[in-house]
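Notes for the one structure printed next.
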Amino acid sequence: MSKLSIIKEFWEFLRFRKKWWLTPILVMLLLLGALIILTEGSAIAPFIYTLF
């Protein structure tokens, strides 16, 4: 199963089941994950981790 098929299946789930409230939760989780991954080796890392 490819990554694109998972995204397509999730999009169809949102569209048919009208679960639009899941979209902001997923976006925030992805942004927080990207923030942690991108700052893990930088000099800003201690300041980012104090926010959580």
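The values are calculated or read from the model by the stated rules, or taken from the named source; none is laboratory data. Just so we're clear, the structure is a prediction, and the values are computed from it rather than from any experiment. In this analysis, Cβ positions are derived from the backbone assuming ideal geometry, glycine residues included, and neighbour counts consider all displayed protein chains. All accessible areas refer to the heavy atoms of the entire protein, side chains included, with ligands and DNA or RNA removed. Shrake-Rupley method; radii C 1.70, N 1.55, O 1.52, S 1.80 Å.
Quick notes on this structure:
- Selection of segment 16-40 for residues being open to solvent by 100 Å² or more (accessible area, probe 1.4 Å) and farther than 23 Å from Thr50 by Cα yields Phe16, Arg17, Lys18, Trp20, Trp21.
- Close pairs from segment 22-47: first within 22 Å of Glu12 (Cα to Cα), partner part of a helix (DSSP H, G or I), Cβ under 7 Å, at least 6 apart: Leu22/Leu14; Thr23/Leu14
- Residues in segment 1-15 that are surrounded by 10 or more Cβ atoms within 10 Å (Cβ to Cβ) and among the aliphatic types (A, V, I, L, M) were compared, and the one that is modelled with the lowest pLDDT is Ile7.
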